[in-house]
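Novice: Quick one: the structure is below, and I'll ask about it shortly.
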Amino acid sequence: MKSQDETLEDWCRALLQAFELEDVEVDVNEVLALAGVAAHSVVRPAAPLTTFIAGFAAGMATGSGQAPDAVSMQAALGVARALAMDYAAVDTAAASPTPAVEPESAVSGRATDPAPGPSADTRNTGA
C-alpha cells in the first residue's frame, strides 16, 4: 500500500501528464503548506481557492514570459502566503479591542503594505 506522500506524488504526475506539463516541477509540500496557511488564517475553504489562484497566477506569469516556471511559482506562493497571513493579522486586530498605544507593526502599517516581491495584482506582475 502506498503512503500518502507517494499517492500525492503519483497524483501530481498524473495531473501534469494530463495537462501536458510533464516538464513542470511542483513542490507538493510547498503547495500543501500554502493550503494550510490559507485554511488556518482565513477559513478552511480558502485552501483550495488560494492554491488554485496562486497556480493560475504562476501560469499566467510564465505563459506571458514574465518569469520561468520555478520563479513564477515561488513568487505566487509567496504572495498568497503573505496575503493569507496578513488577512489573519488584520482579522485578529479587528476583533481585538483597540489598545491605548498601538503596537509598532500597526504604526508601520505592515498589514496595508504590499508583500515584498511581486504585487498580488496578477494582471501585471511576475506572480
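Novice: Starting at the first residue of segment 43-50, write each ³J(HN,Hα) from the Karplus equation 6.51 cos²θ - 1.76 cosθ + 1.60 with θ = phi - 60°, in whole Hz, x for Gly and Pro.
Specialist: For segment 43-50, the Karplus curve yields 8, 3, x, 6, 4, x, 5, 5 Hz.
Novice: Give the residue list of chymotrypsin sites (Phe, Trp or Tyr not before Pro) in segment 2-82 that are DSSP loop and have at most 11 other beta-carbon atoms within 10 angstrom.
Specialist: 19
Novice: Enumerate the residues in segment 30-50 having an amide nitrogen under 19 Å from the point lying 7 Å beyond the Cα of residue 94 toward its Cβ.
Specialist: From segment 30-50, the list is 38-47, 50.
Novice: For residue 38, what is the net charge nearby, where nearby means another residue's Cβ is under 9 Å from its Cβ and Lys, Arg count +1, Asp, Glu -1?
Specialist: Spelling it out: positives minus negatives among the neighbours equals +2.
Novice: Between residue 69 and residue 28, what length in nm is gained on full extension when 0.36 nm per residue of separation is reduced by their alpha carbon distance? Please report the intermediate quantities before stating the final value.
Specialist: On the way: separation 41, 0.36 × 41 = 14.76 nm, distance 1.46 nm.
Extra length available between residue 69 and residue 28 comes to 13.3 nm.
Bear in mind these aren't lab numbers, they're just calculated from the coordinates by the rules spelled out. Computed from a predicted structure; not experimentally measured. So basically every Cβ, Gly included, is an ideal-geometry build from the backbone, and we count neighbours across all protein chains shown.
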